[in-house]
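Accompanying notes for the structure given below.
Values in this text are rule-based calculations from the coordinates and carry no lab data. Since the model is a prediction, treat every value here as computed from it, not as a measurement. Virtual Cβ from ideal backbone geometry, glycine too; neighbours counted across all protein chains shown.
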Amino acid sequence: MKIVSFALNGKKVSCEVQDRELLLHALRERFSIKSVKEGCGIGECGTCTVLIDNEPHYSCLTLASKVDGHDVKTVEYLGDAGLLHPLQKAFIEAGAVQCGYCTPGMLLSAYSLLMKNENPSDSEIREAISGNLCRCTGYIQIVEAIRDAAGLCKCKP
Amino acid sequence: MLPDFASVSPETKADALAYLASLDDVRVIAGGTDLLVNMKRGELCSNVVDIMNIEELRLLSGDGTDIAIGPAITHAAISAAAMLNDLAGSLSAACGWIGSPQIRNMGTIGGNLANASPAADLIPPLLIHDTVLKIESQEGKREERLDDFIVAPYETSLKPHELLTWVCIKGLPGYREGYRRIARRAAWAISRLSVAWAVREDGDRFVDVKLAIGSCTPMPFRPRNVEKFLGGRKKDDHTIGEAAALVVEEIRRITGDRPSFAYKLPVVKGLVQKALRG
Amino acid sequence: MYIGNEMNRIDALDKVLGRPVYAEDLSAKGALFGCIFRSTRPHAFIRRIDTRAAMASPGIVKVLSCHDIPGENLFGIIKKDQPYLAQDRVRCIGEPVLIVLGETEEAARKALQLIEVEYEDAEVVSDPFLSEDSTALIHDKGNLLSRRKVIKGDIEKGFKEADVIVEHTYSTSWLDHAFMETESGVGYPDSKGRIVVISSTQNIHYKQKEISRLLAVPEEKIKVVQATTGGGFGGKLDVTVEGFIALSVHHTRRPVVMRFTREESFLSNTKRHPLYIEYKTGARKDGIITAVKVGITGDTGPFASYGETVCLRAALHATGPYEVPNVHVDSRMFYTNNPVSGAMRGFGIPQLAFAHESQMDEVALMLKMDPFDIRMMNALKKGSLTATSQVLQNSVGIIETLRKVEPYWRKRSKKEDRAGFGLGCMYYGIGNTGVSNPANACLNITGDGKIALHTGACEIGQGSDTTLVQILQETLGLKIEDIVLVRGDTDTSKDAGSSSASRQTYISGGAVFDAALKMRQYLDEKGFYKGRPIREIYASEADKKLLEHNGFFDPPTTPVDPETSKGSPYATYAFATHMTEVEVEPETGCCTVKRVYAAHDVGRAINLKNVRGQIYGGIAMGVGFALMEEFVPGKSESFDNYYMPTSMDMPDVEVFVVEDREPTGPFGAKGVGEPALIPQAASIVNAIKDATGVRPFELPCHIERLKMLLEKAKG
């Protein structure tokens, strides 16, 4: 077992994890963050995407011990019902959500992109979400949403 | 779910080497994108040494055309490094294509080398940059050419107590470089075939050409006979056609015939020609 | 006012916040985890099972076998021929044999490794063409699951009238649904002595019935609830985890969680049927199609699942959206020891569209006609007779969809040699085939002055919840705040049928519309539309039963003739035309889909944003079907070796919505879920031919196949 301390959605947290424990399971079981999904478990679908130091990572292939001293963000960081992040708003407006299973990971990849690039081209957007599979939407409305949100938000770390 | 193991995360190279010397049944983990998948699929080990907290393994330094890349540098960081863009464009390109954005943020150059997949994206560009690997253990240091480092598919000369400490490449100023991978989808797929090239030309003549082919033979390789053939030759369709045919011959010589070659050989031919033409 | 607009989905807010509760997110105190021990043999008799080591493994509570099933150990949507747990023999790799119940997932999965089964291998049937005559019987009554014919006119005469005849064979492979959420569910005994199952599903009432047969208890003793469902596409229509969970709860009286890993999902979930299609088309010099003869051979694996449906639907739609006077289709579906194939978006019709659209282009080529003109000339219109001799009376928008893409087709120009353009057309019968397939809906007025909509329709991501609410709003003239949606629970809703066959907007929408009309009349009588608040109406109504209004819709169909398939199997059809631009790199065989123009006659778009979303998603799946997706038994284990399109594989898309209203549909609506996918692969294949001169006859036409075709053409 190991103690890991890290920033989770802006708050300092600390917990004991097993050496072999994956960040995905730590977030779901120890912090009840269920928005992080296990779609394949081998880093081939993107539903478990989280931001570590503001860059997207697959939490299903990240040992929990690795985030000690780092910053971890999940979709809960972006906004809440009262104060949606412009990206979340744009996803709703553009029809970028269908079954919703890929949505949290997709939002985080988009958020990370907009943090680095306030005005991405469509091909930059497509590349930024190319590590997140979606079986429902065909991605078009997701790309539209990210483009729409790009002008509206400052995605600050 | 992973099988049980104990992990340590040293902060210095010396500590890592000490762990590797003292722990039984030990594996090095960097990004984890290959190792953890293998472990989920049944590979076991008792101990894991995580090297991602070791600053000295994440350095990038250049001295003229001699560039040393820390093995724990991620693909994303390599593809963003201006120095590598200038002097090792094929490597930058390969690092921009491997896996997905997430994989590029996690996976490292050292991990790609240590995994030694026949389809590894970074190996063909590293081959044309005459890569030499620096390897350390508590017993001492050694250096090995990349060509010798990979001894079989998924097998390197690295011993369990050894650590890859530097990936040293020769920058190629003045070369036209590139990397092309072919896969079944536009992104996030295993290369079915890859070609890395660095070409120096003088008007209508090839001065120096370096080529490496991945995903065709058990290990990515450089067709050195073809490189030699091209040196100094006139850059025309005839030469290019002949060179491409020689590459195919060389692949056949290494591997014999394989069912996949019905596809791969004509494609290699086409890609080599494209690369040489520019 | 509430329909035809761009209303946001009612579930989108929760979903962007990461709040919805999928089955895997449910945790019950003291829950056991259930894992399935599966067959490693394609066809074998089970001689011995040794579970002693597994039972002795730490944390193992129970191991269940077929002998622990109190009721019937067979399920299936049409033919009940699939055992929950293998009895004496296994008939495919991945077939469930035992359930292992552990205190934790890890304990259960570890115990799986300790189970020993001794098999005696039996003869394996792996080729549907050899299945019929094989002495190895997969079922006692033989290996032919189903044979359906479509006979219209005089086929011989039709070919005699033809000036040209085009004959080719087409084949397709297994595909995985690849919904992002794997099969999962939770079950528990409730305080009323019932068994409750909450799962990721497309049909709660069907699951309730199957569990009741499995456990031999009345349906009232089983409650099925739909958790938020992470995609279905047909793959969550059959019983997946639900039966295992219910059986486990029955035996342990404890909560039980099950969740398939992605590898298990690939191994065990039904696949798209591989079809072999022999297609012969005759046409006159002027382009009129005179005859179509089609032989379809399908492989359903060892169990029926939706094999009969696919066999029939593929046959009925074999001619495509064209009026053909002489038709002969012979469609056969065989049992094999290959993976179980079942329902997947389009029920065999995407495969047939690949064939009939390729044929149209080949006929046009022989006649030196424009592929667009030949389609226009033969397209179904009002008054046309379909292949089953059904007279199309309303909502026949195929020509209009063609017209939408016509300007783009006429002005297409190849900027590069390697570019190509292709057309794909389709029609698709909405709802189940020639059988009653009703939906119920119920409305009631609540004490706090709202209208509650109770529906059993399963929202699987397609947007049915939003659509149904919009239909209700439009009919009653109510704001969203005045409506409560109560859904996905067998306790609170009547059967709405499955979320399949693109039927929920049309059929459940029809039921909601029916109930809403009754409610509107009631509200009108009570003065609501003159300003009396609903709360007051509720309070003043002495007989609370009068506050409830049931809706029902069953599309008017007739059964098809068993010999000729003559009949009106569907009350309405959706139509579509896709035009696709590709670019092929001849050196490598890489085909990039650049742009798609997609025109769909949906009757009426209740929600444009959702309609577009369905079309984009269907196109993505079509790109996968055409170019990369292929489930190879024994090789395709997960997403690392089963590729589906990423954002970078997706073309730009322009959508055109045609609204040729369907009089029996709610506000004229039909359906779009499957139509969105059906013509896409066909249009890609035609574009590849245009770009390269070679025609793929086998899907997927991935880089290797395309390159080999190009090499062969070079000689």
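The mean number of partner chain beta-carbon atoms within 10 angstrom of a residue's beta-carbon across peptide A:63-69 is 4.
Please give me the summed charge of the neighbours of A:GLU38: other residues whose Cβ is under 10 Å from its Cβ, Lys and Arg +1, Asp and Glu -1.
On the way: positive: A:ARG28, A:LYS37, C:ARG259, C:ARG262; negative: C:GLU24, C:GLU181.
Computed value for this residue: +2.
Residue exposure proxy: C:PHE179, B:PHE206, ordered by other Cβ atoms within 10 angstrom of their Cβ from fewest to most, comes out as B:PHE206, C:PHE179.
With contributions of -39500 (n - 2.57) from each DSSP H run of at least four residues, the per-residue ellipticity at 222 nm computed over the protein assembly as shown stands at -8500 deg cm²/dmol.
Find out how many positive minus negative residues lie around C:MET7, taking Lys and Arg as positive, Asp and Glu as negative, among other residues whose Cβ is under 11 Å from that of C:MET7.
Details: positive: C:ARG9, C:LYS609; negative: A:GLU93, C:GLU6, C:GLU474.
Residues close to C:MET7 contribute a combined charge of -1.
Using 0.36 nm per residue of separation minus the Cα-Cα distance, give me the extension gain between B:ASP25 and B:ASP66 in nm, one decimal. Before the final figure, lay out the partial values.
Numbers: separation 41, 0.36 × 41 = 14.76 nm, distance 3.52 nm.
Between B:ASP25 and B:ASP66, full extension yields an extra 11.2 nm.
If you sort the three axes of the alpha carbon gyration tensor as a ≥ b ≥ c, you get a/c of 1.5 or more for the stretch B:6-50 and a/b no higher than b/c, which makes it oblate. Taking the charge dipole of chain A about its Cα centre, with +1 at Lys and Arg Cβ atoms and -1 at Asp and Glu Cβ atoms, the residue from A:ILE142, A:ILE3, A:THR49 reaching farthest to the positive side is A:ILE3. Given +1 at the Cβ of Lys and Arg, -1 at the Cβ of Asp and Glu and no other charges, the dipole of the stretch C:440-586 around its Cα centre is 740 debye to the nearest 20.
Shown for C:ASP330, C:ASP190, C:ASP690, B:ASP24: other C-beta atoms within 10 Å of each C-beta, ranked fewest to most, produce the order B:ASP24, C:ASP190, C:ASP330, C:ASP690. The residue among C:GLN202, C:GLY295, C:ALA687 whose Cα reaches farthest toward the positive pole of the charge dipole of chain C, with charges on the beta-carbon of Lys, Arg, Asp and Glu, is C:GLN202. Between C:GLU132 and B:ASP257, the modelled label-to-label distance comes to 3.7 nm, taking each label 7 Å out from Cα in the direction of the beta carbon. Packing, as the average of other Cβ atoms within 10 Å across residues, places the peptides C:555-566, C:112-123, C:88-99 in the order C:88-99, C:555-566, C:112-123, highest first. Report the label-to-label distance for B:ALA152 and C:LEU365 in nanometres (one decimal), using points 7 Å from each Cα along the Cα→Cβ vector. Simple spin-label model gives 4.8 nm for this pair. The stretch between C:LYS381 and C:GLN521 holds 46.7 nm of extra length on full extension. This uses 0.36 nm per residue minus the Cα-Cα distance.
Give me the dipole magnitude in Debye, nearest 20, for the stretch B:176-277 about the Cα centre, with unit charges on the beta carbon: positive for Lys and Arg, negative for Asp and Glu.
Working: 22 positive and 12 negative charges, 84 e Å.
Charge dipole of the stretch B:176-277: 400 debye, to the nearest 20.
Highest first, please rank the peptides C:132-141, C:202-211 by the mean number of other Cβ atoms sitting within 10 Å of their residues. Write out the running numbers ahead of the final one.
On the way: C:132-141: 13.3, C:202-211: 24.5.
Output ranking for C:132-141, C:202-211: C:202-211, C:132-141.
Compared with the dominant principal axis of the Cα atoms in chain B, helix B:261-277 is inclined by about 70°. Modelled label positions at A:ASP122 and C:GLU220, each set 7 Å beyond Cα in the direction of Cβ, lie 5.8 nm from each other. Within the listed set B:PRO124, B:PRO259, B:PRO153, the residue fluctuating most in the Gaussian network model of chain B (springs between alpha-carbon atoms under 10 angstrom) is B:PRO259.
Rounded to two decimals, what is the ratio between the C-alpha radius of gyration of the stretch C:31-122 and 2.2 N^0.38 Å?
Details: Rg = 13.3 Å, N = 92, 2.2 N^0.38 = 12.3 Å.
It is 1.08.
Per residue of peptide B:31-44, the mean number of Cβ atoms on other chains within 10 Å of the residue Cβ is 4. Taking a sphere under 13 Å around the Cβ of B:GLY99 and counting the other residues whose Cβ falls inside, with K and R at +1 and D and E at -1, yields a net charge of -2.
What is the extension gain from C:ARG410 to C:SER191, computed as 0.36 nm multiplied by their sequence separation minus the C-alpha to C-alpha distance, in nm to one decimal? Walk me through the intermediate numbers first.
On the way: separation 219, 0.36 × 219 = 78.84 nm, distance 6.73 nm.
That works out to 72.1 nm of additional length.
Cβ-Cβ distance of C:VAL632 and C:LYS545, R₀ of 51 Å, FRET efficiency by 1/(1 + (r/R0)^6): the value works out to about 0.30. Applying 1/(1 + (r/R0)^6) with r as the Cβ-Cβ distance of C:ARG253 and B:ASP208 and R0 = 56 angstrom yields a FRET efficiency of 0.15.
From other protein chains only, count the Cβ atoms within 10 Å of every residue's Cβ in C:583-589, then give the mean. Mind dumping the intermediate values first?
Details: counts 0, 0, 5, 2, 11, 12, 7.
Going residue by residue through C:583-589 and averaging, the value is 5.
Can you find, among B:VAL26, B:VAL49, B:ASN38, the residue farthest towards the positive end of the dipole of the stretch B:6-50? Put +1 on the C-beta of Lys and Arg, -1 on that of Asp and Glu. Going by the charge dipole, the pick is B:ASN38.
Summing Cβ point charges (Lys, Arg +1; Asp, Glu -1) relative to the Cα centre of the stretch B:55-170 gives a dipole of roughly 240 debye.
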